[in-house]
Amino acid sequence: MFKQLQQALSLPRMIMTVHSDNGNGTVKLISDSGLSITALGSGAPGAKVYVQDGRVLGSAADLPHTEIEV
């Protein structure tokens, strides 16, 4: 029960593209919809990454995808 509640309340995981590495442990990211954020983590410019709660979780496959709001 607790895991279900935790998953329901957690922030969504997004796939974003690394725009630039800021050199201080953060990267500038851009979503396909044009949203731009700075997140903790690293990545090479042009790489796709998973992002959740302002942190880069890891690299994502460069496959076609869509974003929807629920």
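Just so it is clear, none of the values below were taken in a lab; they were calculated from the coordinates. Computed from a predicted model, the values in this text were never measured in an experiment. Neighbour counts run over all protein chains shown; Cβ positions are idealised from the backbone, glycine included.
Cβ separations smaller than 7 Å between residues 6+ apart or across chains give the following pairs from region 7-31 residues that are within 22 Å of Glu69 (Cα to Cα) to residues that are of a type in the set (Lys, Arg): Ile15/Lys48; Thr17/Lys48. Checking each residue in region 10-24 for being exposed (fewer than 15 other Cβ atoms within 10 Å of the Cβ) and among the hydrophobic types (A, V, I, L, M, F, W, C) picks out only Leu11.
The conditions of being surrounded by 11 or more Cβ atoms within 10 Å (Cβ to Cβ) and touching an Asp or Glu at 6+ places or on another chain (Cβ under 6 Å) are met by Val27.
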